[in-house]
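Report on the following structure.
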Amino acid sequence: MIELISEISNWALVIIERTGYSGIFFLSFLDRLTVFLIPAEIVLPTFGVLVSHGKFFFWQVMIWVTLGNFLGNLALYYIFLKGGRLFLEKYGKYFLISKHDLDHLDKLFLKYGEKIVFWGYFIPSSGRSIVPIPAGITKMKLSKFSVYTFLGSMPLNFLYVYAGVKVGGSLDKLF
């Protein structure tokens, strides 16, 4: 597991070294769009380590991370808004999702949608990765989705990047 984390971090570092802030945007965008393939829990602290070594500025990293995250979430929302329900009604059984489950999701999002989207981004890893999917399937209003996505994703993004800054400043003490 440590080797996988190291490989992902090294891969992210190579991309960022070659592309700068646009690489931070690109990796943040892919983190949200690909759901599980580029984990924010590894990539965002890597950005913070680079901040601690003077390669980037903290608030500029936060702007690019936020923009990339937001647009990745928006793209995923839009994909599921346009074709998610139809796809899941047809192939959901292969993912253990029934028509009844989709109907229940509609009711749940009608009643608690904003809260689910906002608080869903506080869940590390896969929890925060899937938030745009039910929001798109249930056709949540884009304006509400956008506001709650932006506000909900900021604290954990900040925490991960800041943790990387703190760890990066102590790396010389560890090795």
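Kindly report the accessible area of region 55-97 per residue (heavy atoms of protein chains, probe 1.4 Å, no ligands, DNA or RNA), in Å². Please list the in-between numbers first.
On the way: 2760 Å² over 43 residues.
On a per-residue basis, region 55-97 sits at 64 Å².
Would you mind telling me the share, in percent, of accessible area of the chain contributed by carbon and sulfur at probe 1.4 angstrom? Display every interim value, and only then the final one.
Values: 7160 of 10150 Å².
Carbon-and-sulfur percentage of accessible area, whole number: 71.
Can you tell me the order of 51-64, 102-115 when each peptide is scored by its average per-residue count of other Cβ atoms within 10 angstrom, highest first? Don't jump to the answer; show the numbers that get you there.
Working: 51-64: 15.9, 102-115: 14.0.
Ranking, from highest mean packing down: 51-64, 102-115.
Using a simple charge model, +1 on the beta-carbon of Lys and Arg, -1 on the beta-carbon of Asp and Glu, nothing else, what dipole does the chain show about its Cα centre, in debye to the nearest 20? Walk me through the intermediate numbers first.
Working: 17 positive and 11 negative charges, 129 e Å.
Its charge dipole is roughly 620 debye.
The values are calculated or read from the model by the stated rules, or taken from the named source; none is laboratory data. This structure is a prediction, so every number in the text was calculated from the model and none was measured. Using ideal geometry, Cβ is built from the backbone for each residue, glycine included, and neighbour counts are taken over all protein chains shown. In case anyone asks, the SASA skips ligands and DNA or RNA and just uses the protein heavy atoms, side chains included. Shrake-Rupley method; radii C 1.70, N 1.55, O 1.52, S 1.80 Å.
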